[in-house]
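K.L.:
One structure, pasted below without further comment.
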Amino acid sequence: MTKRIAALDLGTNLFHILIADISSQAEINPILKKDFMVQIGEGGMSAKQILPAAYQRGLTTMRDIHQLVTTYKVDTVLGCATSAIRDAENGKAFIKEVFQQTGIHIDIIQGRKEAELIHQGVIGGADLSEDKELLLIDIGGGSVELILSKGGNIIWLDSLQLGAARLAEKFPVPDPIQGSYFPPLTSYIHSVLSQLPEYLLTQDSLSWIGVNGAFETLSHMIADKQVKGQAFPHRFQFDLETYQKAAGELYVATREERAQFPGMVPVRIDNIILACAVIEVLAEILPPNMIQVSQYALLEGLIFEQFND
């Protein structure tokens with residue numbers, strides 16, 4: 001017997017919805033997967049506020065999502081809100097108004113819970129070696145989730161205030177990008193990452209699994225060059241040198257040129273530069289032997305958690 005579930009992730013830049021039929025063995029058969037560009041955190045992250053225009057965009061989008069849930073005759077809605085909404089002083093008021101207007105209940109989750117759900121989604125959709133340690137990385141708009149995993153179990157995790165939209169408020173991306181832009185940005189990222197535990201820093205040649213966002217766009221850029229004519233894979237992988245070539249193309253491109261890159265969405269035209277800066281610093285500290293990209297993440301984690309309870 002199948003059950004139709006809608007999983008919702010109200011992120012800092014994008015609201016995501018996955019509608020899927022789920023078997024009793026928790027197999028996911030996607031019916032619809034859609035992103036809405038809301039930018040709920042726009043201009044208000046430093047002040048810890050959802051600004052009026054963003055607030056209204058969020059409500060309008062949630063009414064559109066409610067229409068989808070109704071049209072597709074969903075049995076259960078699972079929803080969570082992450083960094084921008086959980087940090088905003090009016091975040092709870094926004095979630096309350098969403099419920100009043102749509103009847104959709106959204107949980108505001110903390111960073112550690114977000115990381116756990118991401119891990120559950122990635123591991124649930126992967127066939128991984130039992131003895132291999134993996135670093136899962138999700139660079140969102142408001143926060144960065146880092147999870148060290150082995151054999152499907154979490155060894156360590158953290159949620160850091162290094163999301164691309166959050167960094168953009170401190171370090172607006174110029175057009176074109178000058179070399180002088182990067183030193184203060186990477187210095188700041190280093191300062192935040194200095195809190196990483198010694199155990200993590202002593203790991204030798206980890207494999208990374210990148211989740212969503214910038215990693216997805218980078219995958220499309222690299223796939224466009226290397227696997228033309230093939231369907232875009234569920235999981236994709238590349239080495240650090242290949243990543244660095246793709247990032248180098250982004251750094252020298254103008255904003256208009258970046259908009260034409262494969263897989264680019266408007267909200268990432270500038271934010272991908274900030275995300276790549278985070279990747280660069282992480283690669284200095286924890287160099288990867290391989291970077292994989294998972295298209296399973298928090299949405300799938302919400303579903304897997306429902307079936308594992």
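K.L.:
I'd like the full set of residues that are over 21 Å from Leu201 (Cβ atoms) and part of a helix (DSSP H, G or I), limited to the stretch 271-297.
P.N.:
Hits for the stretch 271-297 are Asn271, Ile272, Ile273, Leu274, Ala275, Cys276.
K.L.:
Taking Leu136, is it in contact (Cβ under 8 Å) with a residue 24 or more places away in the chain, within 16 Å of the chain's Cα centre (by Cα) and part of a helix (DSSP H, G or I)?
P.N.:
no
K.L.:
Is it the case, given these coordinates, that Asp64 is acidic (Asp, Glu), in contact (Cβ under 8 Å) with a residue 12 or more places away in the chain, part of a helix (DSSP H, G or I) and open to solvent by 70 Å² or more (accessible area, probe 1.4 Å)?
P.N.:
Answer is yes for this residue.
K.L.:
So, one more: Among the residues of the stretch 242-263, write down those that are part of a helix (DSSP H, G or I), aliphatic (A, V, I, L, M) and either surrounded by fewer than 16 Cβ atoms within 10 Å (Cβ to Cβ) or in contact with a Gly (Cβ under 7 Å, 6 or more places away or on another chain) (or both).
P.N.:
Matches in the stretch 242-263: Val252 only.
K.L.:
Scanning for something without any contact (Cβ under 8 Å) to a residue 40 or more places away in the chain and among the acidic types (Asp, Glu), does the stretch 68-88 turn up at least one residue?
P.N.:
No, the stretch 68-88 has no match at all.
K.L.:
Restricting attention to the stretch 256-308, which residues are among the polar types (S, T, N, Q) and in contact (Cβ under 8 Å) with a residue 12 or more places away in the chain?
P.N.:
Within the stretch 256-308, Asn271, Asn289, Gln292, Ser294, Gln295, Gln306, Asn308 qualify.
K.L.:
Please find, within the stretch 100-113, the residue that is farthest from Asn153 (Cα to Cα) out of those that are at pLDDT 95 or above and open to solvent by less than 40 Å² (accessible area, probe 1.4 Å).
P.N.:
Looking at residues that are at pLDDT 95 or above and open to solvent by less than 40 Å² (accessible area, probe 1.4 Å), I get Thr102.
K.L.:
Further question: Which members of the stretch 274-288 meet the condition of being of a type outside the set (Gly, Ala, Ser) and more than 15 Å from the chain's Cα centre (by Cα)?
P.N.:
Within the stretch 274-288, Glu280, Val281, Leu282, Glu284, Ile285, Leu286, Pro287, Pro288 meet the criteria.
K.L.:
Against the condition hydroxyl-bearing (Ser, Thr, Tyr) and either more than 29 Å from Gly125 (Cβ to Cβ) or open to solvent by 80 Å² or more (accessible area, probe 1.4 Å) (or both), how does Thr2 come out, does it pass?
P.N.:
For Thr2, the condition - hydroxyl-bearing (Ser, Thr, Tyr) and either more than 29 Å from Gly125 (Cβ to Cβ) or open to solvent by 80 Å² or more (accessible area, probe 1.4 Å) (or both) - is met.
K.L.:
Right, next: Might you check whether a residue that is surrounded by fewer than 20 Cβ atoms within 10 Å (Cβ to Cβ) and over 26 Å from Pro174 (Cα atoms) occurs anywhere in the stretch 264-274?
P.N.:
no
K.L.:
Being within 21 Å of the chain's Cα centre (by Cα) and open to solvent by 10 Å² or more (accessible area, probe 1.4 Å) is true for just one of Ala126, Ala93, Ala81. Which residue is that?
P.N.:
Ala126
K.L.:
Here's something else I'd like to know. Can you name the residue in the stretch 96-113 that is part of a helix (DSSP H, G or I) and of a type in the set (A, V, I, L, M, F, W, C) and, of all such residues, is nearest to the chain's Cα centre (by Cα)?
P.N.:
Val98
The values are calculated or read from the model by the stated rules, or taken from the named source; none is laboratory data. Here the structure is a predicted model, which is why all the values come from computation and not from measurement. Cβ sites come from the backbone with ideal geometry, for glycine too, and all protein chains shown count toward neighbours. Surface accessibility is based on the protein's heavy atoms, side chains included, excluding ligands, DNA and RNA. Shrake-Rupley method; radii C 1.70, N 1.55, O 1.52, S 1.80 Å.
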